[in-house]
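The values are calculated or read from the model by the stated rules, or taken from the named source; none is laboratory data. Small disclaimer: the values here were computed from a predicted structure and weren't measured. No Cβ is skipped: glycine too gets one built from the backbone with ideal geometry, and neighbour counts run over all protein chains shown.
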Amino acid sequence: MKRSQINQAIQTAEALLVELAWRLPDFASWSRDEHARLAERSQWLSARQMGWDVTDFGQGDFAAKGLTLFCLRNGLADQPGERPYAEKLLFVRPGQETPFHAHHDKLEDIIVRGGGTLCVEFTARGAVRDDAPLTDDAITRVDGRAVPLYQGPIRLSAGQSITIPRGVQHRFWGEGEMVLAAEVSQCNDHRDNHFLDGLGRFSAIDEDAPVHRLLWNEGGAT
């Protein structure tokens with residue numbers, strides 16, 4: 001991705017947060033100099049994958065396949081004293097797909113906090129756990145309501161949430177307008193993303209513009 005695209009994605013996300021009256025912690029707007037001055041804290045955050053994240057999944061078409069995220073809190077998997085939970089914000093554009101992927105270890109809920117409609121679709125192909133629910137009568141829960149897992153996209157409006165079963169391939173995209181969604185889950189580890197089509201999680205960056213906000217995997221390295 002071009003740095004200018006990443007900058008624009010984050011600026012668009014920031015504008016949506018202003019519109020919806022959401023606030024982020026102070027490190028969301030740190031400059032490179034602030035990351036350097038607060039190096040110990042910056043490294044602590046980066047080790048936990050906390051901060052901005054923008055990806056086109058290595059496909060080179062961010063509008064079609066891409067996602068902007070901000071990780072608010074996270075622990076280190078299987079380490080004593082670390083938080084066993086995580087929270088992210090997801091900024092999903094209309095028609096912008098996060099491709100089919102599954103998590104072996106992580107159980108998560110996705111909650112629509114504002115904006116447009118979030119469409120979530122599941123497939124029984126490519127499951128990454130032997131105990132994943134793959135039968136035709138499998139269900140998930142939308143705010144406690146049982147919903148068939150494999151009968152097409154499940155559409156969620158602001159305030160609704162869905163549980164993503166472990167091991168099941170799922171994808172999502174926005175409809176109508178940009179969606180602000182939250183992910184509440186067990187401890188997040190980017191190595192637990194298993195893409196159905198073997199896509200990449202991170203994008204190489206073409207530095208065609210100055211940095212607006214460092215990404216989480218850039219902050220601790222300053």
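Output the residues belonging to segment 207-221 that are surrounded by fewer than 19 Cβ atoms within 10 Å (Cβ to Cβ) and modelled with pLDDT of 95 or more.
Taking segment 207-221 and keeping what is surrounded by fewer than 19 Cβ atoms within 10 Å (Cβ to Cβ), we get 207-212, 217-218, 221.
Listed by number, the residues that qualify are 207, 208, 209, 210, 211, 212.
Here is a check on your reading of the model: is residue 166 basic (Lys, Arg) and either on the phi > 0 side of the Ramachandran plot or surrounded by 17 or more Cβ atoms within 10 Å (Cβ to Cβ) (or both)? Steps first, answer last, please.
Working: basic (Lys, Arg): yes; either on the phi > 0 side of the Ramachandran plot or surrounded by 17 or more Cβ atoms within 10 Å (Cβ to Cβ) (or both): yes.
Spelling it out, residue 166 is indeed basic (Lys, Arg) and either on the phi > 0 side of the Ramachandran plot or surrounded by 17 or more Cβ atoms within 10 Å (Cβ to Cβ) (or both).
List the residue pairs whose Cβ atoms are under 7 Å apart, where the first residue sits in segment 115-135 and is on the phi < 0 side of the Ramachandran plot and crowded, with 16+ Cβ neighbours inside 10 Å, the second is of a type in the set (Asp, Glu) and part of a strand (DSSP E or B), and the two are 6 or more positions apart or on different chains.
Short answer, once both residue conditions are applied: 116/175; 116/177; 117/175; 119/175.
Name the strands (runs of 3 or more DSSP E) wholly within segment 82-191 that hold at least 2 residues that are touching a Ser or Thr at 6+ places or on another chain (Cβ under 9 Å) and more than 23 Å from residue 11 (Cα to Cα)?
Numbers: elements: 85-92, 98-102, 108-123, 139-142, 145-148, 154-156, 161-164, 169-186.
So the answer is 85-92, 108-123, 139-142, 145-148, 154-156, 161-164, 169-186.
Somewhere in segment 8-19, is a residue out of contact with any Gly (no Cβ under 6 Å at 6 or more places or on another chain), of a type in the set (D, E, K, R) and within 18 Å of residue 207 (Cβ to Cβ)? Steps first, answer last, please.
Initially, segment 8-19 is screened for residues out of contact with any Gly (no Cβ under 6 Å at 6 or more places or on another chain), giving 8-19.
Checking which are of a type in the set (D, E, K, R) leaves us with 14, 19.
Imposing the further condition that a residue be within 18 Å of residue 207 (Cβ to Cβ) reduces the set to none.
No, the conditions are met nowhere in segment 8-19.
Which members of segment 1-27 meet the condition of being touching an Asp or Glu at 6+ places or on another chain (Cβ under 9 Å), surrounded by 18 or more Cβ atoms within 10 Å (Cβ to Cβ) and either of a type in the set (Gly, Ala, Ser) or within 14 Å of residue 218 (Cβ to Cβ) (or both)?
1, 27, listed by residue number.
Can you find even one residue in segment 69-81 that is closer than 25 Å to residue 196 by Cα, in contact with a helix residue (DSSP H, G or I) (Cβ under 6 Å, 6 or more places away or on another chain), buried (at least 16 other Cβ atoms within 10 Å of the Cβ) and not hydroxyl-bearing (Ser, Thr, Tyr)?
Taking every residue of segment 69-81 in turn, none turns out to be closer than 25 Å to residue 196 by Cα, in contact with a helix residue (DSSP H, G or I) (Cβ under 6 Å, 6 or more places away or on another chain), buried (at least 16 other Cβ atoms within 10 Å of the Cβ) and not hydroxyl-bearing (Ser, Thr, Tyr).
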